[in-house]
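Novice: If you scroll down you'll find the structure; I have some questions about it.
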Amino acid sequence: VQPAGYDVWMGAADTSWTNASNWSAGVPSSSTPVFIPFATTNAGLGESHPGLAASAAVGTLRMENAARLELHNQALQLYGNLEHSGTGATVWPAQSGGSGYVEMMTAGTNIAASVPYPLHIGDTGMACAGATPVTVSGLDSATTIEVDCPVAVTGGGTNWFTSRGDVNVQHHGTLTMSGSSNWLYVEGNLNITSDQS
């Protein structure tokens, strides 16, 4: 079911992110909430998944369980929430055409998602030392997480911050566990080099 108020990926023409014909309300911007469904099938195209040819920005990004987003070595910047209906880092199929990363750009954003891409929380150029933390209520990443700005794992219930690769807390990054039932799980290395830690 397509959520109301979202620009929905339709994939009517091709797999290009910047083709307005592929979206229900035109090419999204940094203030646009976006919904990407599991699969969009069009006559003659087969399954049509969005792919980036250049870096892009959206507001909230909602991914349906097992939806695909192909980054092709580009960055997707998020200025809203990252929402995913599945659990576990394997629910998004691996992207083709290279890697790239997803970058959280707004302090106070709530992340509840499984991400198969490198995830940057903030970026190295943001003036976020002492800023309101990005709040995490369940994050499962299949690869490296870079924490460049403050992050807090929220209290209440069992909430997690999981990386199948490394976690790098760097630049102005901090990582706060705010409840006794919160946990951090890192399969790779936990590297803390932040000037705030």
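Novice: Just to check your reading of the model, which residue among Ala53, Ala43 is over 16 Å from the mean Cα position of the chain (by Cα), farther than 26 Å from Thr162 by Cβ and modelled with pLDDT of 90 or more?
Specialist: After ruling out the rest, the residue left standing is Ala53.
Novice: To continue, here is another question. Can you spot a residue in region 114-126 that is open to solvent by 50 Å² or more (accessible area, probe 1.4 Å) and not in a strand (DSSP E or B)?
Specialist: Yes.
Novice: Just to be sure I understand, how many residues within region 182-193 are in contact with a strand residue (DSSP E or B) (Cβ under 6 Å, 6 or more places away or on another chain), exposed (fewer than 15 other Cβ atoms within 10 Å of the Cβ) and not in a strand (DSSP E or B)?
Specialist: 0
Novice: A follow-up question, please. If the requirement is being loosely packed, with under 15 Cβ neighbours inside 10 Å and at pLDDT below 85, which of these qualifies: Gly179, Gly138?
Specialist: Every option except Gly179 fails the conditions.
Novice: Taking Val147 as meeting all but one of (1) under 15 Å from Met177 (Cβ atoms); (2) touching a Phe, Trp or Tyr at 6+ places or on another chain (Cβ under 7 Å), write down the number of the exception.
Specialist: Here Val147 meets the rest and fails (2).
Novice: How many residues does region 152-178 contain that are out of contact with any Ser or Thr (no Cβ under 7 Å at 6 or more places or on another chain) and either not in a strand (DSSP E or B) or not polar (S, T, N, Q) (or both)?
Specialist: Within region 152-178, residues that are out of contact with any Ser or Thr (no Cβ under 7 Å at 6 or more places or on another chain) and either not in a strand (DSSP E or B) or not polar (S, T, N, Q) (or both) number 6.
Novice: Right, next: Restricting the search to region 53-79, which residues are assigned to a strand (DSSP E or B) and of a type outside the set (Val, Ile, Thr)?
Specialist: Result: Ala56, Ala57, Leu61, Arg62, Met63, Glu70, Gln74, Ala75, Leu76, Gln77, Leu78.
The values are calculated or read from the model by the stated rules, or taken from the named source; none is laboratory data. None of the values given here were measured: they were computed from a predicted structure. Every residue, glycine among them, receives a Cβ derived from its backbone with ideal geometry; neighbour counts consider all protein chains shown. The accessibility values were calculated without ligands, DNA or RNA, using every heavy atom of the protein model including side chains. Shrake-Rupley method; radii C 1.70, N 1.55, O 1.52, S 1.80 Å.
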